[in-house]
1. Scan the range 7-28 and report the pairs whose first residue is surrounded by fewer than 17 Cβ atoms within 10 Å (Cβ to Cβ) and aliphatic (A, V, I, L, M) and whose second residue is at pLDDT 95 or above and in a helix (DSSP H, G or I), with Cβ atoms within less than 8 Å and a gap of 6+ or a chain change.
2. Cβ-Cβ distance below 9 Å, separation of 6 or more or different chains: which pairs start in the range 49-63 with a residue that is surrounded by fewer than 14 Cβ atoms within 10 Å (Cβ to Cβ) and end on one that is aromatic (Phe, Trp, Tyr)?
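The values are calculated or read from the model by the stated rules, or taken from the named source; none is laboratory data. Treat the numbers as computed from the prediction; the structure is a model and nothing was measured. When we count neighbours, we look across all protein chains shown, and the Cβ atoms used for this are built from the backbone with ideal geometry, even at glycine.
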Amino acid sequence: MVLISFDYDILKQFRSLNKDIKLQYLSGDVTPQQLYSDGMSGIDYTLGNYRKNSDWVLTSKKLGLKTNIWGINLSSDMDWAILNRFDFITTDEPELLLSKN
């Protein structure tokens with residue numbers, strides 16, 4: 001199980017209560033370095049956030065954060081996410097994504 005939220009403060013409160021719970025932030029306005037420093041387990045942003053910050057995927061991986069991308073419904077966006085080796089891809093088109101194997 002992974003808890004995800006748009007509210008960064010609530011994720012930090014969860015972290016203070018449980019050091020083992022997996023937490024990922026959704027809003028896209030916190031750097032991987034800050035996520036790591038605050039004890040988050042991963043990064044979970046939209047394609048637009050990653051394209052604006054092209055080093056965030058690699059930086060996250062180097063820090064040991066799981067990488068997730070959400071809202072990926074176009075074939076070309078799926079190809080980009082696969083090429084960048086995301087750990088998780090959230091989509092409304094699972095059949096299309098599965099056909100990419």
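1. Pairs found: Ile21/Phe14; Ile21/Arg15.
2. Arg51/Trp80
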